[in-house]
Every structure is written in structure tokens, then in C-alpha cells.
Amino acid sequence: MTWSVPRWAFVPPLWQSLCRCVLNGQSIRNICVGTLVSCGVIVIVLKIAVPGLVLPNLWHVIVALPMILLALVFQFGILAVFPPSVTLRPSRLNKSHGQTGVQIKAEQFVAIQLFVHRQDRIRLKLRYRQLDRLHTLVIGVPNSVDLDQLVAMLPISPKIRDARSRSISVADCS
């Protein structure tokens with residue numbers, strides 16, 4: 001069984017991770033300081049090694065800083081356009097998105113919960129043990145997936161949670 005994760009389930013957490021990890025004051029300051037320090041060290045080393053070397057204008061360094069951030073936002077934009085793909089087989093579950101992927105073998109599952117928020121908002125919460133650590137993966141399930149077939153294919157029978165009284169948000173199932 002294969003499905004694409006619905007947009008409501010992966011786009012908001014994706015943009016939140018971009019803002020949390022990159023587009024905040026501390027990260028931008030670290031990128032700027034790191035770039036300027038590394039460029040300064042390179043210029044000083046070049047001037048010490050070759051004193052007569054004429055360096056071109058270094059204003060390109062200032063232009064490079066916003067370009068780094070623009071490239072990161074562009075990468076996240078591409079990830080937001082193409083949804084993650086989930087493949088469930090009797091022996092394993094594969095989730096891939098962009099250049100990353102997760103493979104969980106059937107014997108690694110510890111607990112599975114199926115949260116029904118509305119008819120079109122269903123989440124599958126998987127707890128699994130990998131490399132002696134407990135991990136959690138939350139996956140959105142589209143309407144096109146037959147829930148009876150999904151429950152039958154899962155290696156552990158899931159606990160079905162009725163969450164229709166709660167509004168869905170990123171923090172609900174994490």
C-alpha cells in the first residue's frame with residue numbers, strides 16, 4: 001500500500017522547522033559572523049602568504065549572505081511542493097521525502113495509534129525502536145487510503161483514538 005502524505009500533514013511542520021532552525025535571529029547572526037570570519041581569515045592568510053597579491057572587491061561576500069538564505073528557503077519550497085511518499089508492506093514501512101527516508105522494519109514497532117480528527121484529517125502515529133532508541137513518526141493519511149486495509153497491514157494492531165473534539169495542529173500527535 002502506497003500513499004502520498006496530504007499537504008495539511010507535512011507543510012506546516014516543514015515551515016516551522018525552517019523558521020526554528022534557520023530563519024531566526026540567532027541562526028542568521030551565526031551565518032553572517034561565520035561567513036565574515038572565514039572570509040577574513042582567508043584574506044589574511046592570502047595576504048601573509050603572498051604580500052603582493054591584489055584581491056578583487058569583496059562586496060560579493062555581502063551578496064552571498066542573503067543568497068544562502070534564499071537557497072535554503074527555495075529548498076524548503078521545493079520540499080513543500082512534493083509530498084512525502086509512504087509505502088507500507090507486511091515486512092516494513094518506508095517514508096521518503098526529498099533526499100531523506102525512514103525505513104522501519106515490522107519487528108521494530110512498539111506501538112501504533114490512529115488519530116481520527118475529522119473524516120479528512122487522520123494521522124498515524126508510530127512508535128518504534130531503532131538503534132536502542134525510541135522514536136516517534138506521525139504520518140498524515142489521505143482519504144484515498146482504505147482504513148480497514150491499513151489496519152490489517154500494520155504489524156501491530158493500532159489503538160484508534162477519536163480526536164474529533166480537538167482541533168488539529170502540529171503539536172497534537174507529537
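Within straight cross-link reach of Lys125, meaning Cα distance under 22 Å, which lysines are found once same-chain residues fewer than 8 apart are removed?
Reachable lysines: Lys95, Lys105, Lys159.
Rounded, prolate or oblate, given the Cα gyration tensor of the range 94-135, with a/c below 1.5 counting as rounded? Could you put the intermediate results ahead of the total?
Working: a/c = 2.93, a/b = 1.40, b/c = 2.10.
Oblate shape, in that a/c is at least 1.5 and b/c is the bigger or equal ratio.
Let's test the formula: R0 of 22 Å, r as the Cβ-Cβ distance of Asn143 and Glu107. What FRET efficiency results, to the nearest 0.05? Walk me through the numbers before you get to the answer.
On the way: r = 30 Å, r/R0 = 1.38.
E(calc), rounded to 0.05, equals 0.15.
Report the normalised scattering of the chain as log10 I(q)/I(0) at q = 0.11 Å⁻¹, calculated by the Debye formula with identical scatterers on the alpha carbons.
-0.62
Give me a comma-separated list of calculated 3J(HN,Hα) values for the range 10-15, in order, Karplus coefficients 6.51, -1.76, 1.60 applied at θ = phi - 60°, integers in Hz, x for any Gly or Pro.
Coupling constants for the range 10-15: 10, 5, x, x, 5, 5 Hz.
Rounded if a/c is under 1.5, else prolate if a/b is larger than b/c, else oblate: which is the range 84-162, with a ≥ b ≥ c the root eigenvalues of its Cα gyration tensor?
Working: a/c = 1.61, a/b = 1.32, b/c = 1.22.
Prolate is the answer for the range 84-162, as a/c is 1.5 or above and a/b outweighs b/c.
Between Val116 and Met1, what FRET efficiency comes out of the Förster formula 1/(1 + (r/R0)^6) with R0 = 25 Å and r the beta carbon distance, rounded to 0.05?
Plugging the Cβ-Cβ distance into 1/(1 + (r/R0)^6) gives 0.85.
Could you size up the charge dipole of the range 19-123 around its Cα centre, putting +1 on the beta carbon of Lys and Arg and -1 on that of Asp and Glu, and report it in debye to the nearest 20?
Working: 10 positive and 2 negative charges, 75 e Å.
It works out to roughly 360 debye.
Among Leu147, Leu131, Leu36, which one moves the most in a GNM of the chain with springs linking Cα atoms closer than 10 Å?
Judging by the Gaussian network model, the answer is Leu131.
Take the chain, connect every pair of alpha-carbon atoms lying under 10 Å apart with a spring to form a Gaussian network, then pick out the residue of Val50, Val11, Val138 with the largest mean-square fluctuation.
Highest fluctuation among the options: Val50.
Kirkwood hydrodynamic radius (Cα pairs, Å) of the range 8-81?
Working: mean 1/r = 0.0686 Å⁻¹.
Taking the inverse mean of 1/r over all distinct Cα pairs, the range 8-81 comes out at 14.6 Å.
May I ask you to evaluate 6.51 cos²θ - 1.76 cosθ + 1.60, the Karplus curve with θ = phi - 60°, for each residue of the range 120-127 and list the ³J(HN,Hα) values in order in whole Hz, giving x for glycine and proline?
Result, rounded to whole Hz: 9, 10, 10, 10, 10, 9, 10, 10.
Picking from Gly52, Gly98, Gly34, which is most flexible by a Gaussian network model of the chain using Cα springs under 10 Å?
It is Gly52.
Nearest 20 debye, what's the magnitude of the dipole of the range 103-159 about its Cα centre given +1 on Lys and Arg Cβ and -1 on Asp and Glu Cβ?
On the way: 9 positive and 5 negative charges, 57 e Å.
Magnitude of the dipole: close to 280 debye.
Per 0.36 nm of contour for each residue apart, how much would the distance between His60 and Arg161 grow if the chain were fully extended, relative to their Cα-Cα spacing?
Working: separation 101, 0.36 × 101 = 36.36 nm, distance 5.51 nm.
Answer, rounded to one decimal: 30.9 nm.
Roughly what would the spin-label model give for Gln130 and Leu14, points 7 Å off Cα along C-beta, in nm?
Between Gln130 and Leu14, the label points sit 1.9 nm apart.
Using the Karplus equation 6.51 cos²θ - 1.76 cosθ + 1.60 (θ = phi - 60°), what ³J(HN,Hα) coupling, rounded to whole Hz, does each residue of the range 29-43 give in order, writing x for Gly and Pro?
Running phi through 6.51 cos²θ - 1.76 cosθ + 1.60 with θ = phi - 60° gives 4, 5, 5, 5, 5, x, 5, 5, 5, 5, 5, x, 5, 4, 5 Hz.
Every read-out reported here was derived from the displayed coordinates using simple, explicitly stated rules and does not represent laboratory data. If you're wondering where the values come from, they're calculated on a predicted model, not measured in any experiment. Quick reminder, even Gly has a Cβ in these numbers, built from the backbone with ideal geometry, and neighbours come from all protein chains shown.
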